[in-house]
Amino acid sequence: MKHGTRWKLELFAENARKAKKGLRAKNAKIKRLVALIYALEGKPLDCDAVMSSYAAIKSSEGVLSVFRGRTSLCIAAMLSLKGNPKTLFDRTVAVYDMMNKRFLKSDFLAVAALMVAVNADPEDYPQIVSRMRSFHDGMKAQRQSYAGAAEYICTAMLALSNADPRNDVERIKRMYDILRPELSTETALALAQIALASGVSDVQAADRILKLKGMTKDRKMPLDPIMLGVLALLPSDAEAILQDIIETQALLRTKKGLGALFARKQEMLLYAAAVIASGYTEDTKEDQVIAVASTGIFSTIIAINAVAIATMDPSIGILAIEVISSS
């Protein structure tokens, strides 16, 4: 395991301990997700800053606002990491209002709005929202639209990338057709969108994803397929990546509050994979990974995978977050 990865791993464990005591939230998984957001930024958790942002959201939004829903504490954490959380939140609400005229109201649409607000300039917001709709309509025409948690987030990712909604929808369908026999409809489509935005060729990306899927199955690693997809896009040896994840998960299990009594295996694998993937994206200089970081694709993967964690607990339903990469 790389030294930088081990440092970030230790930071996550410490952040998780802070979150347990310092965040006023009922669900432990949400607290750990906030701890992960800060760790992937390479920063110690500031519980006061998170709760301050959370209070600001509650005071400025009505009780029925999506920003006060299932994603609220995670959005507050992301805002608290920025030097101008109030300005960024105002921009996020502005983007959401544009999106809500074209898409259905959703917690995940709020996450997509934050993604756009962070990664684009205000004067570009209308054009990006328009591109989102073009991708959405194009995929719907190809019968490739779906109603899952990843839809709005992945469509926003595509709109932020260099992908062309007029020409690239067919590429998404081709890769989807390769992946669908081995993956669910929603997962296959999300990975096709992610690969397109990353700039990896259709066949190459599909081959990597399916190969890594087989390797995780052989090792009995219940790694969420969306995270598996981003790992497959990294230009690194698959064996080395999986071994790093196994070692990282084992080390996390030794940390106070992260043992088998506190978190299930799939949740811990997600944390381990997120830390490892973050380390690989920071250490490599290959153009492919730079493209992934610059368009927020790695952040998007974490957003989608948070669904897997939250749905383990039916009391909170589906939750999605976006972790803003420091790249």
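I'm trying to understand the selection: among the residues of the stretch 145-163, which are hydrophobic (A, V, I, L, M, F, W, C) and modelled with pLDDT of 80 or more?
Residues satisfying the conditions are Ile153, Cys154, Ala156, Met157, Leu158, Ala159, Leu160, Ala163.
From the list Ala49, Ala56, Ala113, Ala94, exactly one residue is under 20 Å from Tyr38 (Cβ atoms), in contact with a Phe, Trp or Tyr (Cβ under 8 Å, 6 or more places away or on another chain), at pLDDT 85 or above and not in a loop (DSSP other than H, G, I, E, B). Which is it?
Going through Ala49, Ala56, Ala113, Ala94 in turn, the sole match is Ala56.
Scan the stretch 253-264 and tell me whether some residue there is assigned to a helix (DSSP H, G or I) and within 26 Å of Ser198 (Cα to Cα).
no
Given Asp283, Asp218, which one is open to solvent by 30 Å² or more (accessible area, probe 1.4 Å) and at pLDDT below 75? Please lay out each step first, then the result.
Working: Asp218 fails: at pLDDT below 75.
Sole residue among the options that is open to solvent by 30 Å² or more (accessible area, probe 1.4 Å) and at pLDDT below 75: Asp283.
Considering only the stretch 245-268, how many residues are under 17 Å from Leu11 (Cα atoms) and in contact (Cβ under 8 Å) with a residue 40 or more places away in the chain?
Start the filter on the stretch 245-268 by keeping residues that are under 17 Å from Leu11 (Cα atoms), which leaves 245, 247-259, 268.
In the following step, the residues that additionally are in contact (Cβ under 8 Å) with a residue 40 or more places away in the chain were identified as 247-248, 251-252, 255-258.
Total satisfying the criteria: 8.
For residues in the stretch 221-242 being at pLDDT 85 or above and either more than 22 Å from the chain's Cα centre (by Cα) or farther than 12 Å from Leu269 by Cα (or both), which is least open to solvent (accessible area, probe 1.4 Å)?
Here the residue is Ile241.
Determine whether Leu179 is surrounded by 17 or more Cβ atoms within 10 Å (Cβ to Cβ) and at pLDDT below 85.
no
The values are calculated or read from the model by the stated rules, or taken from the named source; none is laboratory data. In this text the structure is predicted, and so the values were computed from the model without any measurement. A quick note on method: Cβ atoms are made from the backbone with ideal geometry, for glycine too, and the neighbour counts reach across all protein chains shown. What goes into the accessible areas is simple: the full protein's heavy atoms, side chains included, and nothing from ligands, DNA or RNA. Shrake-Rupley method; radii C 1.70, N 1.55, O 1.52, S 1.80 Å.
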